[in-house]
Amino acid sequence: MTSILGISAFYHDSAAALVVDGRIVAAAQEERFTRKKHDPGFPTNAVAYCLKAGGVQPDNLDYVAFYDKPLLKFDRLLETYLAFAPAGFRSFRLAMPVWLKDKIHLRRVLRQQLKSTRDACFVFTEHHESHAASAFFPSPFSEAAILTIDGVGEWSTATIGMGEGDRIRLLRELKFPHSIGLLYSAFTYYCGFKVNSGEYKLMGLAPYGRPKFADLIRAHLIETKNDGSFWMNMDYFNYCQGLTMTNDRFHQLFGGPPRAPESQLEQIHMDIAASIQLVTEEIVLNMAREAYRLTQKKNLVLAGGVALNCVANGRILREGLFSNLWIQPAAGDAGGALGAALFVWHQLLENPRVPEKKDSQQGSLLGPKFSNEEIARTLEAQAIPRQKFGNEAELLDEVAKLLASGKIVGWFQGRMEFGPRALGARSILGDPRNPKMQSAMNLKIKYRESFRPFAPCILNERVADYFALPSGVESPYMLLVAQVLEKHRTAISEADRKVMIEDPDLRQRVNVTRSTFPAITHVDYSARLQTVDEERHGRFYRLLKSFEQKTGCPVLVNTSFNVRGEPIVCSPEDALRCFLSTDMDVLVLENFFLKKEQMSKTLSAEERIRHLGNFEPD
Ligand SMILES: [Fe+2]
């Protein structure tokens with residue numbers, strides 16, 4: 001038996017993954033255990049969980065694979081500093097203590113953290129190799145073109161590669177400072193959102209705007225080349241030498257300073273968002289074209305933070321460059337832990353690979369699960385009134401009935417998701433047909449006011465009746481955007497049309513009913529889609545089925561089980577705390593069923609505020 005532990009840490013969203021004899025046994029992000037979003041520290045808890053889940057003793061580990069090469073990264077930092085010296089001294093000085101303390105001596109740090117893994121062999125894969133491995137090895141394809149795109153690893157910011165059987169090969173790389181990830185983050189920063197977590201907000205803002213600035217971006221900021229690469233004019237950016245993403249010249253180009261976080265969003269921000277989204281899609285498509293030219297493969301696999309841009313992914317699919325697309329669900333750096341471990345198994349140890357029909361990521365349900373007995377103990381300890389269903393059909397019938405009557409349900413089942421999306425294991429569910437659902441879920445549960453609609457999940461076999469997804473394409477990991485079909489769109493009154501164009505409050509615009517599923521339809525009729533099948537999703541699939549039987553509607557709202565700024569819940573305790581501190585109506589923990597109206601205690605307004613205060617809004 002060969003046990004390989006993959007680790008990603010010390011940058012953003014630390015994680016661990018365990019691969020035993022080539023099978024992905026467990027994977028989890030550290031933030032879920034420490035309750036600190038995007039926790040970059042050593043993933044002590046995630047490692048402990050993975051080893052426990054696999055029944056592997058630390059001293060039985062054969063390999064520990066780290067997802068990047070710290071010395072190469074240090075080299076990049078040092079060289080960038082020297083190239084821009086003395087301008088970059090401040091950011092260089094700020095970065096140095098962390099490097100000198102942990103990162104350069106990573107091997108020693110890993111040995112200290114993993115005390116009893118003395119016999120394990122330590123392997124450091126390159127950052128984009130880890131991403132590429134995470135994209136290809138779990139995919140259902142025996143061969144594929146590989147595209148990895150993110151901010152930056154050591155030097156690479158994007159790579160084109162090829163996977164065949166049990167091997168991957170990187171064929172081209174784009175190097176720092178030229179980076180789609182950093183370009184997108186620069187605009188995220190300029191529009192007043194947080195870099196490294198607010199990118200999805202910028203993507204969600206884009207449909208409100210027009211790409212008026214796309215030409216300006218093409219003329220001044222970037223130059224795309226025929227080989228899929230592109231060049232950025234660093235006169236407008238500050239990330240090589242400063243602590244911000246953009247500089248005064250950039251601000252002048254767009255007519256003013258960056259938007260202050262949380263301030264009013266103006267039309268210009270929407271237009272800028274639409275513009276950078278369009279340009280990003282063009283660059284990604286250009287790279288995908290080059291990947292096809294170089295590899296001539298009909299399948300494409302994607303990873304890296306930019307692969308979470310599901311609008312760009314939807315565009316690749318629509319362009320029809322490739323017949324099939326698979327995207328690593330933990331596309332960001334957390335997934336690097338999994339990629340590094342699989343890289344060791346296939347690429348270094350040369351073990352053959354047999355692709356699985358659906359893929360081998362098991363719905364990305366690779367985290368901890370809790371038994372009914374464990375849940376009973378948690379509920380007992382806090383004297384929580386509950387009902388237990390012995391029969392799944394009865395449980396599903398009750399939950400579907402409540403969903404259909406407009407209730408909001410916390411749904412906690414099986415193994416927690418690996419990756420940023422809730423996929424029906426730690427989800428909050430609602431009825432998408434309800435025109436009040438978008439604002440109710442945001443205000444009563446998430447404690448935020450959002451201009452973005454929620455994501456729908458749909459029975460896999462019904463997707464063609466509702467969304468424009470090419471035939472046979474699945475989106476089990478919620479990484480594709482598709483349009484709501486014409487027949488489900490509703491007429492918009494003149495008054496509403498005016499609201500949609502003019503209302504300065506974007507929540508009013510998003511809440512104009514434009515389809516029979518207002519809660520999940522964006523202003524451009526797009527939806528970020530999850531397709532649900534029984535093999536991957538089990539009970540969650542059967543719940544959707546039960547909802548469909550009652551209502552004729554095979555779609556539910558599926559949002560992550562958390563409040564604003566909180567990592568997705570992991571344990572029954574986390575779920576219970578979130579349930580009691582929000583206006584969620586129902587909580588289902590495996591076979592246990594809790595109704596808010598039967599709770600003898602909920603958190604007071606003060607306690608709720610305190611709970612919310614634990615999490616920094618992103
Ligand atoms: Fe990365």
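The values are calculated or read from the model by the stated rules, or taken from the named source; none is laboratory data. Everything numeric here is computed off the predicted structure, so don't read it as measured data. A quick note on method: Cβ atoms are made from the backbone with ideal geometry, for glycine too, and the neighbour counts reach across all protein chains shown. These area figures cover heavy atoms from the full protein model, side chains too; ligands, DNA and RNA do not enter into them. Shrake-Rupley method; radii C 1.70, N 1.55, O 1.52, S 1.80 Å.
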dims of the range 386-455, Cα set, principal axes, largest to smallest, nearest Å -> 40, 31, 21
Name the residues of the range 284-324 whose amide N is less than 13 Å from a point 7 angstrom out from the Cα of residue 524 along the C-beta direction?
-> 310-316
Quick one: divide the alpha-carbon radius of gyration of the range 495-552 by 2.2 N^0.38 Å and tell me what you get.
-> 1.54
Too-long pairs where the Cα-Cα distance tops 29 Å, listed order kept, from 369/601; 388/545; 52/545 = 52/545
Listed residues 215, 21, 150, 585 arranged by accessible area, highest first, probe 1.4 Å | 215, 21, 585, 150
On the protein heavy atoms, probe 1.4 angstrom, tell me the percent of accessible surface of the chain carried by carbon and sulfur.
-> 50 percent
Classify the chain as rounded, prolate or oblate from the Cα gyration tensor: take a ≥ b ≥ c as the square roots of its eigenvalues, call it rounded if a/c is under 1.5, otherwise prolate when a/b beats b/c and oblate if not.
-> rounded
DSSP-defined beta bridges in the chain - what % are antiparallel, rounded to 5 | 70 percent
Label zone at residue 323 (point 7 Å along Cα-to-Cβ), backbone N below 13 Å, the range 135-159 = 141-144
Using θ = phi - 60° and the Karplus curve 6.51 cos²θ - 1.76 cosθ + 1.60, what whole-Hz ³J(HN,Hα) does each residue of the range 59-64 get, with Gly and Pro shown as x?
-> 6, 9, 5, 8, 9, 10
Within the range 120-239, the percent of DSSP beta bridges that are antiparallel, given to the nearest 5, stands at 100 percent
Length-normalised contact order of the chain in % [C-alpha pairs under 8 Å, at least 6 apart] = 15 percent
Low-density loop positions, trypsin sites (Lys or Arg not before Pro), the range 295-390 - DSSP coil, at most 15 other Cβ in 10 Å | 298, 357, 358, 369
Taking the dipole about the Cα centre of the chain, with the C-beta of Lys and Arg at +1 and of Asp and Glu at -1, give me whichever of 591, 168, 340 is farthest to the positive side.
-> 591
Scan the chain and note any complete DSSP helix (H) whose C-alpha atoms cover at least 27 Å along its axis and whose Kyte-Doolittle average is -1.0 or more.
-> 267-295
Write down the accessible area per residue of the chain in Å², having rolled a 1.4 Å probe over the full set of protein chains.
-> 39 Å²
Using only Cα atoms, locate the centre of the range 309-360 and the centre of the range 593-612, then give the distance between them in Å, rounded to an integer.
-> 41 Å
Determine, from the Cβ-Cβ distance of residue 614 and residue 377 and an R0 of 25 Å, the FRET efficiency 1/(1 + (r/R0)^6), rounded to the nearest 0.05.
-> 0.55
Positive-end residue, the chain charge dipole about Cα centroid, Cβ charges, pick of 231, 260, 513 = 260
